Structure formats: structure tokens, C-alpha cells
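Worksheet for the structure shown next.
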Amino acid sequence: MSGFLKGFVYAGRGIAAGAAGRNFRVMLAAAVVVIVLGWVLNISLVEWGLVTLAMGTVLALELLNTAGEKLVDILSPDHDPRYGLVKDILAGAVLVAALSAAVVGALVFLPKLP
């Protein structure tokens, strides 16, 4: 297998490891609900693009958050407030993306609801 194709295998392994986390599964469940809602409400192609970008951003940042937390746990098995701040910042990045995705969802879906 070429190095290029192995990269997909490694990435898939990373996604699977990140998806094992509770937060990722919650975000993924929300994404499924959004996809179903988009299908039911027949959103436009542009709206699909915006919703997909928002969902992908949240899920990708959740994977980065999980990776960062695992790295911090390896570097500092004992509690260290400096590393705790790193975890807080990573979680904050996910929160900013999730709130932005919620705004996108509101702008796309609320006008279509009865």
C-alpha cells in the first residue's frame, strides 16, 4: 500500500479513536439530527454547504480537543493548572464552533419551520 493510501488508514484510525469519546458521539448525533432535518425541510444546496461546513468544523475541532487532552494527560499525569488551562482553551475552541454552528442552524432552519 502506498504511503498516500496509508495516510487514509491512519486518519481513519484517528477518527475512530476520537469517535470513542462521549462528546464526539453527542456531536455526531446532533449532526445526524441536522441532516434529517435538512432533508425533511428540503434545504437548498447553499444551505447544505453552510450546514455541512458548520458540522464538519465542530466535529474536526472535537477531534483536535480529544487529541490535545490525551497529549496533556501523557505529558502531565498529575494535575498541573498550566496543562488544565490548555485543556480549557481546547474545549473553548469547540464551544465557539458549536455556538457558531447553532447560529447557522437557526438561520437555515427557523425560517422553514411552521
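Tabulated results
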{"read-out": "Peptide ranges 51-57, 6-12 listed from the most packed, as the mean C-beta count within 10 angstrom indicates", "value": "51-57, 6-12"}
{"read-out": "Semi-axis lengths (Å, descending) of the ellipsoid that matches the C-alpha gyration tensor of region 53-114", "value": "32, 10, 6"}
{"read-out": "Rg(Cα) / (2.2 N^0.38 Å) computed for region 27-82, rounded to two decimals", "value": "1.65"}
{"read-out": "Theoretical FRET efficiency, 1/(1+(r/R0)^6), r = Cβ-Cβ of Asn42 and Ser100, R0 41 Å, to 0.05", "value": "0.95"}
{"read-out": "Relative contact order of region 3-112, pairs being alpha-carbon contacts under 8 Å that are 6 or more residues apart, as %", "value": "34 percent"}
{"read-out": "Lys, Arg +1 and Asp, Glu -1 on Cβ, resulting dipole of region 31-114 about Cα centre, debye, nearest 20", "value": "280 debye"}
{"read-out": "Under 20 Å from the Cα of Lys112 - aspartates and glutamates, other chains or at least 8 residues apart", "value": "Glu47"}
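Since every read-out is calculated from the coordinates, none of them should be taken as a lab result. Just so it is clear, the model here is predicted, and its values are computed rather than measured. Cβ atoms come from the backbone with ideal geometry, glycine included; neighbour counts cover every protein chain shown.
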